[in-house]
Each structure stands twice: as structure tokens, then as C-alpha cells.
1. Can you find a residue in segment 61-68 that is assigned to a helix (DSSP H, G or I), among the charged types (D, E, K, R) and open to solvent by 70 Å² or more (accessible area, probe 1.4 Å)?
2. Please go through (1) more than 15 Å from Lys76 (Cβ to Cβ); (2) open to solvent by 90 Å² or more (accessible area, probe 1.4 Å) for His54 and return the number of the only condition it doesn't satisfy.
3. Got a sec? Which of Met4, Met57, Met15 is modelled with pLDDT of 95 or more and part of a helix (DSSP H, G or I)?
4. Which ones in segment 8-48 are open to solvent by less than 60 Å² (accessible area, probe 1.4 Å) and hydroxyl-bearing (Ser, Thr, Tyr)?
5. Working only within segment 43-54, note down all residues that are over 9 Å from Val6 (Cβ atoms) and in a loop (DSSP other than H, G, I, E, B).
6. If Gly63 passes every condition in (1) at negative phi; (2) of a type outside the set (A, V, I, L, M, F, W, C); (3) modelled with pLDDT under 95 but one, which one does it miss?
7. So for segment 30-42 (the condition being in a helix (DSSP H, G or I) and either closer than 13 Å to Met1 by Cβ or touching a residue at least 40 places away in the same chain (Cβ under 8 Å) (or both)), does at least one residue qualify?
8. For residues that are of a type outside the set (A, V, I, L, M, F, W, C), within 22 Å of Arg71 (Cβ to Cβ) and in contact with a helix residue (DSSP H, G or I) (Cβ under 8 Å, 6 or more places away or on another chain), tally how many sit in segment 36-59.
Amino acid sequence: MKIMIVCGNGLGSSMMLEMTVNSVLKDMGVIAEVGHTDLFSAKSEVADLFVGSHEIMSQLDDGSRQLAGVRNIMDKAEVRAALELKLNQ
């Protein structure tokens, strides 16, 4: 499974969210390849799931991608809930 974390520039917030996602996945016992990128590059990326802020996810939504939006990138409970919702579909 490949999960891409997306933010506007692919630097600060996506790196922090990537750390949170990796921690949550470890707690869940889920093995996945997790990377981060900027919004522009994400449009040409292939992944099983894209994760980022609701605003960024709305800009990435073209109807063909699995997207998980979060409000607080450091909130492990919120990130876990978003991942569980998408990974259990």
C-alpha cells in the first residue's frame, strides 16, 4: 500500500503529517509506504491513499483518488479515524 501525504509546498506540514501517519500506522499494525509531496506533484502521483488538510484534498479531488482530509495534522486520534475510515472501505 502506498500513502502520499500532500501539502501546498511539500515541505513543512506534509513532513509533520507523515510522521503522525507513520506513528498511527505502526499503532494499527499496518505496513505501508508513506511519502510526502506538494499539491502540484501529487496530481501526477499514483497512490492508494492521499492524506492532507481538507482544503488541499478538495483541490486534489478529481473523482479518481482515495482522499483522507484532516484538520489537525498532529492529532493522532483524528488521523487514525481518517485512516481507519479509508482503509476499511
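1. Step one: list which residues in segment 61-68 are assigned to a helix (DSSP H, G or I), which gives none.
The answer is no; no qualifying residue exists.
2. Condition not satisfied by His54: (2).
3. Exactly one residue qualifies, and that residue is Met57.
4. Start the filter on segment 8-48 by keeping residues that are open to solvent by less than 60 Å² (accessible area, probe 1.4 Å), which leaves 8, 10, 12-14, 17-18, 20-21, 23-25, 28, 30, 32, 34-35, 37-39, 41-42, 47.
Result: Ser13, Ser14, Thr20, Ser23, Thr37, Ser41.
5. Lys43, Ser44, Val46, Ala47, Asp48
6. Going through the list (1) at negative phi; (2) of a type outside the set (A, V, I, L, M, F, W, C); (3) modelled with pLDDT under 95, Gly63 breaks only (1).
7. Looking only at segment 30-42, we keep the residues that are in a helix (DSSP H, G or I), and these are 39-42.
Still in the running and either closer than 13 Å to Met1 by Cβ or touching a residue at least 40 places away in the same chain (Cβ under 8 Å) (or both): none.
The answer is no, given that none of the residues of segment 30-42 is in a helix (DSSP H, G or I) and either closer than 13 Å to Met1 by Cβ or touching a residue at least 40 places away in the same chain (Cβ under 8 Å) (or both).
8. 6
The values are calculated or read from the model by the stated rules, or taken from the named source; none is laboratory data. Just so you know, these numbers come straight off a predicted model, no measurement behind them. Note that each Cβ is placed from the backbone with ideal geometry, even for glycine, and that neighbours are counted across all protein chains shown. In case anyone asks, the SASA skips ligands and DNA or RNA and just uses the protein heavy atoms, side chains included. Shrake-Rupley method; radii C 1.70, N 1.55, O 1.52, S 1.80 Å.
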